[in-house]
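Enquirer: One structure, as structure tokens, below. Some questions next.
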Amino acid sequence: MDNFCKICFKRITDNSIYNLLKRKNILCGDCFSKLQAKFVSFEIGNIKGTAVYEYTDFIKELIYKFKGCYDYELKDVFLDRYLTFLKLKYHGYHIVYIPSYHIDDERRGFNHVKAIFESLKLKELPILKKKTAHKQSDQSSLGRHKINDVLEIDENISMKGKKILLVDDIMTTGSTLLTSIDLLRSKGAKTIEILVIAKTKKKKKEEY
Ligand SMILES: [Zn+2]
């Protein structure tokens with residue numbers, strides 16, 4: 001039976017890598033070799049973070065295709081090969097998805113962050129959410145600097161004794177993550193770790 005690469009749609013002829021991994025074949029050899037995890041460590045707000053990939057043009061385009069072009073089929077390509085490792089690394093953690101701010105989220109019909117990370121099969125903690133938008137601001141796009149004003153934490157969910165894994169697709173300035181960390185800490189979260197697909201290079205020293 002013919003298999004086609006989920007990224008470039010080329011027919012997959014060489015199954016050897018996947019046969020070895022005993023997994024369903026979803027990538028061609030080319031795309032497979034471009035998707036090499038680097039597990040880049042970083043720190044933000046005294047919290048340890050890991051970026052699965054370096055922010056290459058390939059990753060950038062892939063994420064754009066996934067969240068900008070609603071290519072839901074791509075959800076598995078980011079973590080597929082590293083699932084076993086990541087499941088072990090974050091065993092016992094509760095997962096918190098960074099809520100989305102993009103206007104086209106509703107059009108997309110799925111939360112792209114959740115779509116990527118739910119394969120980790122961690123217990124979900126839906127503790128962060130967007131504040132209900134005021135009528136006046138409904139049609140205006142909210143700038144990233146305004147994120148602090150639109151994120152809130154569910155007061156009814158207990159953080160007691162929970163280890164939190166905060167996840168997002170791309171970390172750019174880190175302001176959303178910082179806001180989320182502050183909110184989680186204010187609720188008494190002690191152990192927090194961050195996992196993102198990729199992190200852009202820092203532009204300015206203070207931009208973090
Ligand atoms: Zn391919």
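Quick note: the coordinates plus some simple rules give every number you see, no bench work behind them. Keep in mind the model is a prediction, meaning the values are calculated, not measured. Cβ placement follows ideal geometry from the backbone for every residue including glycine, while neighbour counts extend to all protein chains displayed.
Enquirer: Can you give the relative contact order of region 65-129 as a percent, counting alpha carbon pairs under 8 Å and 6+ residues apart?
Expert: It rounds to 45 percent for region 65-129.
Enquirer: May I ask which of K24/K123; K65/K123; K131/K162; K114/K160; K24/K130; K10/K38 have a Cα-Cα span longer than 31 Å here?
Expert: K24/K130
Enquirer: For V150, V96, what ranking results if the residue with the fewest other Cβ atoms within 10 Å of its Cβ goes first?
Expert: Ranked by crowding around the Cβ, least crowded first: V150, V96.
Enquirer: Going by how many other Cβ atoms sit within 10 Å of their own, how do S175, S41, S180 line up, fewest first?
Expert: Ascending number of Cβ neighbours within 10 Å: S41, S175, S180.
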